[in-house]
Structures are given as structure tokens and as C-alpha cells.
1. Being crowded, with 18+ Cβ neighbours inside 10 Å, modelled with pLDDT of 95 or more, within 26 Å of GLY175 (Cα to Cα) and away from the ligand (no atom under 16 Å from the Cβ): is that true of ALA89 here?
2. On the given criteria, is ALA368 within 16 Å of the ligand (Cβ to nearest atom) and buried (at least 16 other Cβ atoms within 10 Å of the Cβ)?
3. Working only within the range 226-263, note down all residues that are among the aliphatic types (A, V, I, L, M), more than 14 Å from the ligand (Cβ to nearest atom) and surrounded by fewer than 19 Cβ atoms within 10 Å (Cβ to Cβ).
4. Only residues that are in contact with a helix residue (DSSP H, G or I) (Cβ under 7 Å, 6 or more places away or on another chain), buried (at least 23 other Cβ atoms within 10 Å of the Cβ) and among the small types (Gly, Ala, Ser): list them for the range 133-169, please.
5. Pick from the range 98-117 the residues that are over 21 Å from LEU135 (Cβ atoms), touching a residue at least 40 places away in the same chain (Cβ under 8 Å) and assigned to a loop (DSSP other than H, G, I, E, B): which of them is nearest to the ligand (Cβ to nearest atom)?
6. Does THR112 qualify as being within 24 Å of the chain's Cα centre (by Cα), crowded, with 17+ Cβ neighbours inside 10 Å, polar (S, T, N, Q) and modelled with pLDDT of 95 or more?
7. Scan the range 153-171 and give yes if some residue there is among the β-branched types (Val, Ile, Thr), touching a residue at least 12 places away in the same chain (Cβ under 8 Å), within 13 Å of the ligand (Cβ to nearest atom) and touching a Cys at 6+ places or on another chain (Cβ under 6 Å), otherwise no.
8. Looking only at the range 75-84, filter to residues that are buried (at least 22 other Cβ atoms within 10 Å of the Cβ) and either small (Gly, Ala, Ser) or farther than 13 Å from VAL200 by Cα (or both); which one of those is nearest to the ligand (Cβ to nearest atom)?
Amino acid sequence: MNAAEISRIVFELGEEAQPWNAVSPPVARTSNFSFPSVEAFRNAISREKEVPVYSRGNNPTVRLLEKKLAALQGTEDALCFGSGSAAIAAAITSVVSAGDHVICVRNCYSWTKKLLSEILTRFGVETTFVEGCTLEQFKEARTERTRLVVLESPTSVRMRLQPVGEVAAWSRAEGLLTLMDYSYGSPLSRKPVALGVDVVCHTATKYIGGHSDILGGVVCGPASFVARLFQHEYMTFGAVLSPDSASLFLRSLRTLAMRLRTQSETVARVVAFLEKHEAVDEVVWPFHTSHPDYRLSAEQFAMEMPLFSIVLRTRDRGRITAFLDGLRAFRMAVSWGGFESLALPCVAFDNTDWPVNMVRLYVGFEDADYLCNDLDQALRLCV
Ligand SMILES: *Cc1c(COP(=O)(O)O)cnc(C)c1O
């Protein structure tokens with residue numbers, strides 16, 4: 001998708017009839033909507049997805065955001081949720097029934113794993129987790145009951161990619177549905193759908209929110225899929241996005257392309273600095289030629305993303321901790337997507353198989369030299 005088309009979607013699509021000709025779309029902060037006649041009421045409740053009746057169903061501010069996010073992913077429709085996790089859980093639950101089987105990548109997002117391995121198992125849905133680096137691994141996991149393939153490329157923290165195009169083509173030929181968590185990628189690329197993925201879920205909390213101050217998520221897919229999801233899990237679970245958050249997401253969408261462009265320049269400089277550093281064994285960034293899945297990164301992303309991991313040379317917990325405690329410009333925190341650079345320390349997690357000396361870094365909006373200087377002084381504490 002070219003930059004002009006992104007601008008049309010972000011600045012124009014769905015904004016034809018704003019109240020008072022407002023330049024910034026106003027917030028419809030109301031729980032419900034009234035009608036002047038029984039006939040108008042009857043018409044509205046029969047089309048609740050398209051007509052505002054109650055804000056758990058259709059709220060104009062949320063709906064405007066959904067139109068833009070669907071257009072950005074190149075899908076027919078979308079539904080927003082109160083978080084990325086809520087979006088993924090509702091979408092997966094809407095597909096499977098007792099007796100069904102799911103294939104999912106092993107190092108997927110922790111709450112996706114919880115849903116598949118501990119919650120849906122209670123309702124008779126089984127999942128096989130695969131490494132996901134080759135199509136063969138998906139083929140081997142296929143059973144007669146398989147209904148859904150769940151991809152997440154790259155995987156959280158370890159950053160291994162799947163051959164998404166190959167897997168989605170196979171999945172379609174087999175009559176399976178492919179769902180992809182595209183939280184790492186930018187919503188400015190339409191890549192998953194172009195590769196044959198049926199349903200794209202992603203957090204909005206990170207790149208779209210962009211200011212570390214709101215939570216949200218979205219499911220983008222074919223109109224029939226979204227309509228069914230609306231009538232069942234969306235309305236029943238009620239994990240909706242508030243109109244206030246939707247308004248802030250609309251604000252942030254206006255600057256998304258500009259923010260990501262700036263960050264892709266900064267991250268390239270930080271990675272170049274780290275790959276030469278004596279305290280760093282490896283920089284794990286899908287856009288670096290040293291990455292095992294580098295070949296796939298252009299297939300799946302429109303631009304270089306500001307999130308990567310490093311593997312420290314030391315495996316000594318004390319030194320690893322000294323490095324992390326010594327960081328100033330990088331705050332220690334989960335998530336990413338805001339202005340502030342962040343570090344996620346694997347050494348702080350007991351229940352994962354992440355290497356202790358792995359640290360995930362997110363590059364925000366600070367100057368590249370400022371970030372490199374900070375990394376340098378902290379890395380000296382762990383050599
Ligand atoms: C953050 C994240 C989510 C969940 O999004 P929230 O908005 O935090 O609920 C899902 N998948 C991946 C890969 C993520 O990084």
C-alpha cells in the first residue's frame with residue numbers, strides 16, 4: 001500500500017459527515033441512543049451492527065476507527081476490543097467448537113497460549129503447538145479435526161518468523177482458517193492478507209496508541225466472519241473499546257506513519273552500534289542480514305520495526321542484572337509502542353524458556369546517540 005493510500009484512509013475515510021464539520025472526529029461519549037418512533041427503533045435494532053443503538057454494539061467513534069483499521073489491513077470489516085488479548089480470544093473462540101483441533105506456533109503470546117492450552121481445553125478444543133519455522137511442521141501437526149491455524153510472526157521475544165505465505169496457501173487448500181496475530185507488524189502494510197491470511201488480529205495498544213496511555217485491539221477479516229463474531233462473542237463477552245479510547249486511537253493514527261518512519265531510522269543506528277559491542281553476543285532483529293529468517297522479513301513487513309532482542313555475552317545473573325539496573329534511557333517495562341524506549345528483561349521471568357541473557361529492547365523517540373550512550377555505559381557493567 002502506498003503512502004498516498006495510507007493518508008486517504010487515515011485522514012479521509014469515514015469522515016465525510018462529522019457533527020459540526022469538526023476537523024478532529026468528536027467523541028460519542030454515550031452509552032445508548034434514542035429513537036423518535038417505534039418504526040425507527042424497530043429498524044435500528046434489526047441492524048445493530050451498523051446503526052447505533054447501544055455502545056456495547058455500535059458506537060460511532062469506535063465504528064470510525066474500525067473502518068479505518070479494516071481498510072489499512074485490506075479486509076472487508078473489523079471489530080475493536082478493549083485490548084489485543086480480548087480481540088484474539090474472541091476471534092479464536094468464535095471459530096472452534098468441542099472436538100476441533102488447532103495448530104499454533106509454540107512461542108506465541110503468553111495469553112494466547114493460556115487460552116489454547118488451559119481455557120479452550122476445558123471445552124474440548126485441543127491444540128498442537130509447533131516450532132513453526134517450516135511448512136512441514138504444520139503439515140505434521142494436521143489431524144482430521146484441525147479447523148484453525150494460528151500464526152504469530154515473529155514470535156514474542158525470540159523473534160523467529162514463520163513462512164506465512166506458504167503456510168496460509170497450504171491452510172487454504174486444506175480448507176482451514178488461518179488467523180494471524182500481527183501485533184509486531186505495522187498496520188500500514190496489508191501484508192498478512194496479501195499472503196493469504198484470512199483473519200488478522202492485532203493489539204492497538206502499541207504502535208497505534210503510540211503514547212503509552214490506552215489499551216485496545218482489533219479483529220480484521222471478511223464481512224461474514226466479522227458479522228458472525230459481532231452477533232456472538234463480541235456482543236456476549238462485551239470486551240468493547242470505550243469511545244474515549246477510540247478517539248485517542250483516531251488521534252494517534254494521524255501520526256502513525258511519521259512515527260514509524262522516524263523510529264525505523266533510529267533503530268537501524270542502535271542495532272548497528274550493538275552488533276559491534278563486545279558485551280553483546282547477538283542482536284536478534286528480523287531486518288538484520290544475520291537473522292535466520294531475514295529472507296522472510298520483506299515478505300511480512302513494509303518497514304523495519306523498532307523492536308528487537310539482544311543476547312548478552314555473559315550468562316551470569318548478577319552481571320545481567322547490573323546491566324539492566326544500570327539503564328537510564330531504557331525503562332524496564334512490558335509492552336512497547338510509546339515515545340519511551342523500553343527494556344524487557346528475560347532474567348525477571350521464572351516461567352519461560354527464554355534464555356536468561358536475552359533482553360528485548362524497544363526504541364522510542366529519543367535521539368539515537370543518547371540511546372547508544374546509555375546502552376554503552378550499562379553494558380560496561382556486565383563485561
Ligand atoms: C501485546 C501483545 C498482545 C496483546 O495486546 P494487549 O493490547 O496488550 O492486550 C498480543 N499479541 C502480541 C504479540 C503482543 O505483543
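1. Values: crowded, with 18+ Cβ neighbours inside 10 Å: yes; modelled with pLDDT of 95 or more: yes; within 26 Å of GLY175 (Cα to Cα): yes; away from the ligand (no atom under 16 Å from the Cβ): no.
When the stated conditions are applied, ALA89 does not pass them.
2. Numbers: within 16 Å of the ligand (Cβ to nearest atom): no; buried (at least 16 other Cβ atoms within 10 Å of the Cβ): yes.
So ALA368 does not fit the description; no.
3. Selection gives ALA227, MET235, ALA257, MET258.
4. Result: SER153, single match.
5. TYR109
6. Values: within 24 Å of the chain's Cα centre (by Cα): yes; crowded, with 17+ Cβ neighbours inside 10 Å: yes; polar (S, T, N, Q): yes; modelled with pLDDT of 95 or more: yes.
Answer is yes for this residue.
7. The first filter runs over the range 153-171 and keeps only residues among the β-branched types (Val, Ile, Thr), leaving 155, 157, 164, 167.
Pick out the ones that are also touching a residue at least 12 places away in the same chain (Cβ under 8 Å) and you get 155, 157, 164, 167.
From what's left, within 13 Å of the ligand (Cβ to nearest atom): 155, 157.
Now restrict to residues that are touching a Cys at 6+ places or on another chain (Cβ under 6 Å): none.
No, that holds for no residue.
8. Here the answer is GLY84.
The values are calculated or read from the model by the stated rules, or taken from the named source; none is laboratory data. Quick caveat, the model's predicted, so the values are computed rather than measured. A quick note on method: Cβ atoms are made from the backbone with ideal geometry, for glycine too, and the neighbour counts reach across all protein chains shown.
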